[in-house]
Amino acid sequence: MVTPDDPKPKMPLVFRLTLIWALLGLGGVLIFLIRATGPDEGTQQQMERARNHLFTSIEGIAPGEARWIDLKHTIVIVWRRDATEQSLALQQAGLIEPGGVSAAPGSGATDENTALPFDPEWLFVGAVSPNSPGCVVMPKAGRFGGFFDPCTKAHFDMWGRLRDGPGDRDLVILPSRIDGAAASVFLDLTDVPKAR
């Protein structure tokens, strides 16, 4: 019979050490299994790219119209240029001369501008100025008919290139892919500055 004055029986030292090693081994196995079942580095990069790519509707944007849209806390300017704006933009890019004549041979442009590596009608631009973070630029404004940064008074051309004012960085043009019916666009938001 055990009385209250009897000391508790103690676990032998060997049993305690064995228990500690078993728990450490089980913890190591659990850590290995968690890491082994998680995504590898390549999969993590693909997941990050997928988070920065999305489809959005551009239906109802008329030629000559520019809109700000908020995509995942990233402000984007969608500009659908009309024929006059397209001509001016191509002139600013050096692809056609004033009056619609193609630029020098070998420039990649033709009279119909069919060899252009981009669509002169649609432009998708990060709206936050990289030269003044937190400041949203105004489309179809400024001395070059492109974009104007009201915080720094910087002027950008129709391709988002800084032409006048403080700073040294151009606006971010978003890689995009428009569906055949011009109803939606697939945008890459990876390098676009976010609004504060």
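The values are calculated or read from the model by the stated rules, or taken from the named source; none is laboratory data. None of the values given here were measured: they were computed from a predicted structure. Here the Cβ positions follow ideal geometry from the backbone for every residue, glycine too, while neighbour counts run over all protein chains shown.
For segment 122-196, please list each of the strands (runs of 3 or more DSSP E) lying entirely inside it that holds at least 2 residues being in contact (Cβ under 8 Å) with a residue 24 or more places away in the chain. Talk me through it step by step, then tell me what you get.
On the way: elements: 122-126, 147-149, 154-156, 162-164, 176-178, 184-188.
Passing ranges, in order: 122-126, 176-178, 184-188.
With the checklist (1) farther than 30 Å from ARG177 by Cα; (2) surrounded by 11 or more Cβ atoms within 10 Å (Cβ to Cβ); (3) of a type in the set (S, T, N, Q); (4) modelled with pLDDT under 85 in hand, flag the one item THR37 doesn't pass.
Failed condition: (2).
Of all residues in segment 56-71, count the ones that are closer than 16 Å to VAL192 by Cβ, in contact with a strand residue (DSSP E or B) (Cβ under 7 Å, 6 or more places away or on another chain) and at pLDDT below 90.
3
State whether the residues of segment 145-157 include one that is among the charged types (D, E, K, R) and in contact with a Cys (Cβ under 9 Å, 6 or more places away or on another chain).
Looking through segment 145-157, at least one residue is among the charged types (D, E, K, R) and in contact with a Cys (Cβ under 9 Å, 6 or more places away or on another chain).
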